[in-house]
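Taking it in order: structure first as structure tokens, then the write-up.
The values are calculated or read from the model by the stated rules, or taken from the named source; none is laboratory data. Owing to the predicted nature of the structure, the values given are computational and were not obtained by experimental measurement. Every residue, glycine among them, receives a Cβ derived from its backbone with ideal geometry; neighbour counts consider all protein chains shown. Each accessible area value is taken on the protein alone, full model and side chains, heavy atoms only, with ligands, DNA and RNA left out. Shrake-Rupley method; radii C 1.70, N 1.55, O 1.52, S 1.80 Å.
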Amino acid sequence: MIKAIRGFKDILPSEACIWQYVETISQKILRDYGFSELRLPIIEDTSLFVRSIGQDTDIVSKEMYTFPDRKNHSLTLRPEGTASVVRAFVEHKMYARDQYKKFYYLGPMFRYERPQAGRSRQFHQIGAEIFGLAEASVDAELLILVYDLFSKIGLPSITLSLNSVGCPACRPPYKKILQEYLQKDHATLCLDCQQRSEKNPLRVLDCKNDDCQDIISRAPTILEHLCPTCQHHQQEVERLLKLSNAPYQINHRLVRGLDYYTRTAFEVTFAGLGAQNAIAGGGRYDNLVEEFGGPPTPAIGFALGLERVVLALQGQGTIPPPSPSIFLAALGEKAREKAFLLLRSLRQKGFCIQMSYQDSSLKSQLKQANQQGAQFTLILGENELNNQRIIIKDMEHASQEEVALEDISEVLKNKFLPFLAKREIF
Ligand code: HAM
């Protein structure tokens, strides 16, 4: 038997409905905040990711799906979306038209990591990016959007960890200070960190190895070494978050696994997900557009991991309300023919309605209606047909009433109002 490859998962219908729920709510909120959708290719030139994410990051050095095409060009399955958005922004000169631009995207990403709960090799992100705005209020607005989004999805109790990673003016001197500090305890650091402390000392800060914890906890923090401009930016972001009652924690160890960040960097975690508890992450990347040949354009964004959001919702037993549906049970040849036409006319009016493909007993058709989770079953037998009437059975309350066939769509519309109110977002 051929099976799906390791780290790649089927999303079966029972789970896909939760995915659709999260995607629909997220897209609605993103559009309300002024973002437009950007659909991007899944494969890009390898150099796009090497140059943006950084040669020394875990993603580029060991997690990318990279392969030559038939003409020996090195291609990569995208490990994230920001690099592609920047590429498209510059390629289509989107900076030329408006003062600022807001985009969102959703789709699969690929990283060759060790699969475990909440971590797969093909995973899915919903991401959002803002170009052309350097103000701290934009960072605060994006973080508040993240709060609103998770709370609307049904995960209000998230933890937002915040840090600044400085800018090209203050990060190199801080790196030196950190390097000098780490040098003193070089031998105590784990082997990975001994290497990192030379190439990418900031990455030592988020090492999980026990040997390194004591050294990291006493390390000089970047917030103490920001230049005045970065410091002012950080203070303003924090002030606006406090003003908006959006709780956050400063995490001096937050450095992110991608090299393009400047200033604000953040991560959102959800307790109860085990080791892979980061459900979203993001930050500013004010130099990336220019590095890819565009004009100097500040930018900021975030992405959430759909698999982890769905796991969190399942973990707390949140099941999206079902979309209201109807089953049409028809008995006998004539009634089935009428039902066949009625089915189409009700679907054309926007109802979600199914009927049995076989002329089976009422009992068996009601069983099907239950299996499909129908809120109402319409019953049309010879008797009802002769009197131009139809029965509506409320499946939850096991009550039923008879109405004139010609009134059925109006009656159903009224019955569905409470269900639609529960799903007001749609
Ligand atoms: P990231 O932190 O690498 O950021 O990924 C964002 C989210 O994707 C993570 O918080 C996590 O929920 C999910 N994720 C990452 N890897 C996996 C995996 N192997 N399996 C399941 N879920 C995963 C970025 O990708 C940046 N592009 C975010 C960004 C947008 N920064 C600025 N704009």
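Within segment 1-80, which strands (runs of 3 or more DSSP E) (wholly inside it) include 2 or more residues that are open to solvent by 50 Å² or more (accessible area, probe 1.4 Å) and more than 28 Å from Ile130 (Cα to Cα)?
Numbers: elements: 43-45, 65-68, 74-77.
Those strands (runs of 3 or more DSSP E) span 65-68.
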- Query: Looking at (1) away from the ligand (no atom under 12 Å from the Cβ); (2) surrounded by fewer than 21 Cβ atoms within 10 Å (Cβ to Cβ); (3) under 19 Å from Leu48 (Cα atoms), which is the only condition Pro108 fails?
  - Reply: (1)
- Message: Please pick out the residue among Leu288, Leu254 that is within 20 Å of Ile53 (Cβ to Cβ) and crowded, with 23+ Cβ neighbours inside 10 Å.
- Response: Leu288
- Note on the structure: When (1) away from the ligand (no atom under 16 Å from the Cβ); (2) assigned by TED's automatic domain parsing to the domain that holds Gly34 are applied to Phe150, the one that fails is (1)
- Note on the structure: Of the residues in segment 349-385 that are part of a helix (DSSP H, G or I) and either without any contact (Cβ under 8 Å) to a residue 12 or more places away in the chain or not assigned by TED's automatic domain parsing to the domain that holds Glu402 (or both), the one that is least open to solvent (accessible area, probe 1.4 Å) is Ser364
- When you scan segment 117-129, how many residues do you find that are more than 9 Å from the ligand (Cβ to nearest atom) and of a type outside the set (Gly, Ala, Ser)? 1
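Looking only at helices (runs of 4 or more DSSP H) that fall completely inside segment 130-216, which ones have 1 or more residues that are open to solvent by 10 Å² or more (accessible area, probe 1.4 Å), under 30 Å from Gln316 (Cβ atoms) and aliphatic (A, V, I, L, M)?
136-153
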- Item | Pairs with Cβ under 7 Å, 6+ apart, first in segment 109-120 and not assigned by TED's automatic domain parsing to the domain that holds Ala303, second among the β-branched types (Val, Ile, Thr) and within 7 Å of the ligand (Cβ to nearest atom) | none
- Query: When segment 258-294 is examined, which residues are found to be part of a strand (DSSP E or B), among the β-branched types (Val, Ile, Thr) and more than 9 Å from the ligand (Cβ to nearest atom)?
  - Reply: Thr262, Thr264
- Restricting segment 164-202 to residues that are touching a residue at least 60 places away in the same chain (Cβ under 8 Å) and touching a helix residue (DSSP H, G or I) at 6+ places or on another chain (Cβ under 7 Å), the one farthest from Lys242 (Cα to Cα) turns out to be Cys170
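Give the number of residues within segment 301-314 that are within 7 Å of the ligand (Cβ to nearest atom) and either within 20 Å of Met94 (Cβ to Cβ) or not small (Gly, Ala, Ser) (or both).
Pass one, segment 301-314, residues within 7 Å of the ligand (Cβ to nearest atom): 301-305, 307-308.
From what's left, either within 20 Å of Met94 (Cβ to Cβ) or not small (Gly, Ala, Ser) (or both): 301-304, 307-308.
Number satisfying all stated conditions: 6.
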- Among the candidates Lys93, Lys175, which residue alone is of a type outside the set (A, V, I, L, M, F, W, C), farther than 30 Å from Ser61 by Cα and more than 11 Å from the ligand (Cβ to nearest atom)? Lys93
